[in-house]
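Novice: Input: one structure, supplied below.
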Amino acid sequence: MTCVAGYAEQNMISKVEPVINDRKFNSIPVRVIIGTDGKVKHVHVISAFQDQAKVITDALFQWRFRPYQQNGKAVDVETGILFGYSPPRPQTASTSQSTSQ
């Protein structure tokens, strides 16, 4: 099996967004194995609250990708996906003012 950074974002066909109702402000790294048919075969949530992990896993099993090709043949591929939930940063006067005068 081959590991390819960023494969998911570049080769996605369809996805179902995970709906997390309880907003916890954390990044959630996930490793997935995409099969030769483009379906997610395995999900490994590296760090998340239990309810987040279930919602993300359920959603990922519905995602579809273009199969990874190696030497003209479809093979399984492992890649990472980062789900991020961070609070919006408030704008300060220094970031909202124009620097040109």
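What follows draws every value from the coordinates through simple rules; no lab data is involved. The shown structure was predicted, so the numbers you read here are calculated from the model rather than taken from an experiment. Heads up, the Cβs are rebuilt from the backbone with ideal geometry, glycines too, and the neighbour counts pull from every protein chain shown.
Novice: In percent, what relative contact order does region 1-65 have, based on Cα pairs under 8 Å that are 6 or more apart in sequence?
Specialist: It rounds to 42 percent for region 1-65.
Novice: What residues qualify as long-range amide H neighbours of residue 26, i.e. H under 5 Å apart, gap of 5 or more or another chain, H built at 1.01 Å from N?
Specialist: Result for residue 26 returns 85.
Novice: For region 4-25, list residues with backbone N below 16 Å from a point placed 7 Å from the Cα of residue 46 toward its Cβ?
Specialist: It comes to 4-9, nothing else.
Novice: Something else about it: Describe numerically, in nm with one decimal, the distance between label points set 7 Å from Cα along Cα→Cβ at residue 58 and at residue 75.
Specialist: It works out to 3.5 nm between the two label points.
Novice: Reachable aspartates and glutamates from residue 41, Cα under 16 Å, same-chain residues fewer than 8 places away excluded?
Specialist: 58, 76, 78
Novice: Using only the alpha carbons of region 1-46, determine the length spanned along each of the three principal axes and report them from longest to shortest in whole angstroms.
Specialist: Largest to smallest, the principal-axis extents are 34, 21, 18 Å.
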